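Here's the structure we're looking at; comments come further down.
The values are calculated or read from the model by the stated rules, or taken from the named source; none is laboratory data. Owing to the predicted nature of the structure, the values given are computational and were not obtained by experimental measurement. Here Cβ is always computed from backbone atoms with ideal geometry, including for glycine, and neighbour counts include all displayed protein chains. These area figures cover heavy atoms from the full protein model, side chains too; ligands, DNA and RNA do not enter into them. Shrake-Rupley method; radii C 1.70, N 1.55, O 1.52, S 1.80 Å.
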Amino acid sequence: MSEVLIRWASIDDFLAIAELDRVSWNHNRNSEFIPDGEHVWRHWVEHAYVCVATENKKIIGAALSFPSTAPNIHFIHKILIAADYRGVGIGKKLMNKLCDKFDENRIAAHLTTDTNNNAIQCLSEKMGFSEKELINGYYRENQDRWFYTRRPC
């Protein structure tokens, strides 16, 4: 693996991020539900915090957070890693980029994750998401989620 760079996304990246989202979504245990599309990624890249991981200028990962209606709170909506790059620390680098921005701006953060997603649960706890609540039926009756909160350092 070549050097992986982490940077803030630009408008030129939104189509590649949307494609990574489509491909990654197929590995979700609820993949029959619709992933986000190009339209929303275009807006997120311009108006939210989106960082990308690249190798040889190819986007291999992305992370997204956007502000909530509550003041000084962001919601981490997605962390996407291309299948061939999972398990080597790219998610942690992307999460670090977001958390550094949160701390710089004194922003708290929330995220939810599937109860089966042990990787993001472990990463969230390592990154200081110390408040954790199980919400039964978060989306549908059989779709429970962990709800995490991280306060700024």
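Brief remarks follow.
- Residue identified as without any contact (Cβ under 8 Å) to a residue 24 or more places away in the chain, farther than 21 Å from S10 by Cα and among the polar types (S, T, N, Q) among N72, N136: N136
- Failed condition for K101, given (1) in a helix (DSSP H, G or I); (2) over 19 Å from A62 (Cα atoms): (2)
- Reported count of residues in segment 125-146, each being part of a loop (DSSP other than H, G, I, E, B) and over 13 Å from T113 (Cα atoms), is 6.
- Across segment 119-153, the qualifying residues are those that are closer than 20 Å to L80 by Cβ and small (G, A, S), and the one among them that is least open to solvent (accessible area, probe 1.4 Å) is S124.
- Residue within segment 62-77 that is open to solvent by less than 50 Å² (accessible area, probe 1.4 Å), out of contact with any strand residue (DSSP E or B) (no Cβ under 9 Å at 6 or more places or on another chain) and of a type outside the set (D, E, K, R) present: no
- Selection from segment 17-69 of residues that are modelled with pLDDT of 80 or more, polar (S, T, N, Q) and out of contact with any Lys or Arg (no Cβ under 9 Å at 6 or more places or on another chain): N56, S68, T69
- N116 vs. criteria over 20 Å from F14 (Cβ atoms) and either open to solvent by 50 Å² or more (accessible area, probe 1.4 Å) or of a type outside the set (K, R) (or both): yes
- Residue among V45, V50, V88 that is open to solvent by 50 Å² or more (accessible area, probe 1.4 Å), of a type in the set (V, I, T) and in contact (Cβ under 8 Å) with a residue 12 or more places away in the chain: V88
- Under the condition of being among the small types (G, A, S), touching a strand residue (DSSP E or B) at 6+ places or on another chain (Cβ under 8 Å) and in a helix (DSSP H, G or I), the residues counted in segment 9-26 number 2.
- Considering G91, G61, the condition of being over 18 Å from C153 (Cα atoms), under 14 Å from the mean Cα position of the chain (by Cα) and in a helix (DSSP H, G or I) is satisfied by G91 alone.
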